[in-house]
1. Say the dipole of the chain comes from +1 at the beta carbon of Lys and Arg and -1 at that of Asp and Glu; which of G64, L153, A418 then lies farthest toward its positive end?
2. What Kirkwood hydrodynamic radius do you get for segment 247-293 when you take the inverse of the mean 1/r over all pairs of distinct Cα atoms, in Å?
3. Report, for the chain, the % of DSSP beta bridges that are antiparallel, rounded to 5.
4. Starting from segment 97-167, pick out the GluC sites (Glu not before Pro) whose DSSP state is loop and whose Cβ has at most 15 other Cβ atoms within 10 Å.
5. State, as an integer percentage, the relative contact order of the chain based on alpha-carbon contacts under 8 Å between residues 6 or more apart.
6. Pick out, from Q256, V197, P335, the residue whose Cα sits farthest towards the positive end of the charge dipole of the chain, with +1 on the Cβ of Lys and Arg and -1 on the Cβ of Asp and Glu.
7. ³J(HN,Hα) across segment 101-118 via Karplus (A = 6.51, B = -1.76, C = 1.60, θ = phi - 60°), whole Hz, x for Gly/Pro?
8. For segment 74-133, which trypsin sites (Lys or Arg not before Pro) are in a loop by DSSP, counting at most 16 other Cβ atoms within 10 Å?
Amino acid sequence: MAEPSSRWAFARTTAFRVTLLHLLLTLTGTALVGGVAWWVTAGYAIRQAGEEIDRGMGVLLQAGALSGARGVALSIEARLAADRSGQEFYLLAAPDGQRLAGNLSGVSSERGWREGTIRQPDGTAAPVLMLAAPLPGGGALVVGRDLTNARALEQRLLTSAGWVGGAVLLLGLAGGLLIGRSVARRAAAMETALAAVQGGDLDRRLAVRTGGDEFDRLALRINATLDRLQALMAALREVTDDIAHDLRTPLTRLRQRLDDAARAPTTEAIEAAQAEADRLLEIFAALLRIAQVESGTQRAGFATVDLSAIADSVAEVYTPAAEERGQVLASEIEPGVSITGDPALLTQMLANLVENAIRHGRAEGRVSLGVTTAGITVADDGPGIPEAEREKVFHRFHRLDASRSTPGSGLGLALVRAVAELHGIAITLEDAAPGLRVRLTLPPP
């Protein structure tokens, strides 16, 4: 039973239903056009016949009022003699119903309009529109016109309308089938690809054609979402591996400290174990902070932030730390630079950059912090970062070989990038010759 359902799945597609609706509207329009065509052709012929009957009836009644029944009979005979088409019919009936003149017989002389059928001399039946009226002196007068041509034209119109309607119906159904099957195939292909992704094949993507229709745009959007999902999954695996690898050493040290404290419970051993535990807690707090930033939930609380004021406070806080290393922390901050964001996160981002510059910069060297409407720069004159490593330093727990002897967890720049991406800030690492320059390009206001 599943196969017929799948085979006729296109009949349940929106495209097929829209095609059927369009077909119904087209048929309705065809019927309206056919009605108008009948009105201006066959209907006009019938109305014209009625007008001729009415005029003829008026003339004959006037003749009857002037000359009596004999005048009416003479007028009828004259009209029949002049009728070369054979489409005019008359009946002058006496009060007892006997025909006095005309070429009609066996028809009702009751007053009013009616349509009947008469036998032609050749034996064929002809439709006739008739009008009957009483005469002033008694008797009745019937005037009629042959409707054979009008009915033939009407039949041709009906036949043509039937052929046109049938052709529209067949073409519409065929178009609906083709469109519905095409849509059903594309939807099935998308469903198959998404099912493969759901099954674990994160490299699978939806096919995109060159047509650029709504399905292609939807496929591009879904592919972009899958790319993002794959990147997040890869980042998750990388974080898991990094945590398993980089936390092994501090956990081992913590275990050793605890063993030492267990064997010789001295104050120094206990404090060393507590210090290791605090360091682990700091690492997990930093990981949690990065995860919260990357989730984007804090974007709901964004407000206009004075970035110049934040930079001033960061420079003031870290000036003593720079002086301890004999460094000069030079700041050139343009006042009034603002951005929409989270002030705490932006402060953390600038603090991490300045702290890294002080820590890895040359002793008795120079660290600079610049803020303008175009962006932020933080530079030092230390050893810098090789170009091949500049992207890797943003990964969690990644540290250069020269930095492994200094305190740190390798999470500072990962948090910097997370905050920058949350605020739409582009971040690049450049060679300061010597040293490293971090450039943050602010989004347009």
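A short reminder: the numbers here are calculations on the coordinates, not readings from a lab. As the structure is a computational prediction, the values presented were derived from the model and not from experiment. Quick reminder, even Gly has a Cβ in these numbers, built from the backbone with ideal geometry, and neighbours come from all protein chains shown.
1. Value computed over the given set: G64.
2. On the way: mean 1/r = 0.0888 Å⁻¹.
Averaging 1/r across every pair of different Cα atoms and inverting gives 11.3 Å.
3. Numbers: 44 of 50 bridges.
Beta bridges within the chain, antiparallel portion: roughly 90 percent.
4. On the way: sites: E110, E115, E154; in loops: E110.
In loop regions of segment 97-167 (DSSP not H, G, I, E or B), the sparsely surrounded GluC sites (Glu not before Pro) are E110.
5. Working: 580 pairs, mean separation 45.9, N = 445.
10 percent.
6. Farthest along the dipole direction, towards plus: V197.
7. With the stated coefficients, segment 101-118 comes to 7, x, 10, 9, 8, x, 10, 6, 9, 5, 4, x, 8, 7, 10, x, 10, 10 Hz.
8. Values: sites: R79, R84, R99, R111, R114, R119; in loops: R84, R111.
Here the trypsin sites (Lys or Arg not before Pro) that fit, given the DSSP loop and packing criteria, are R84, R111.
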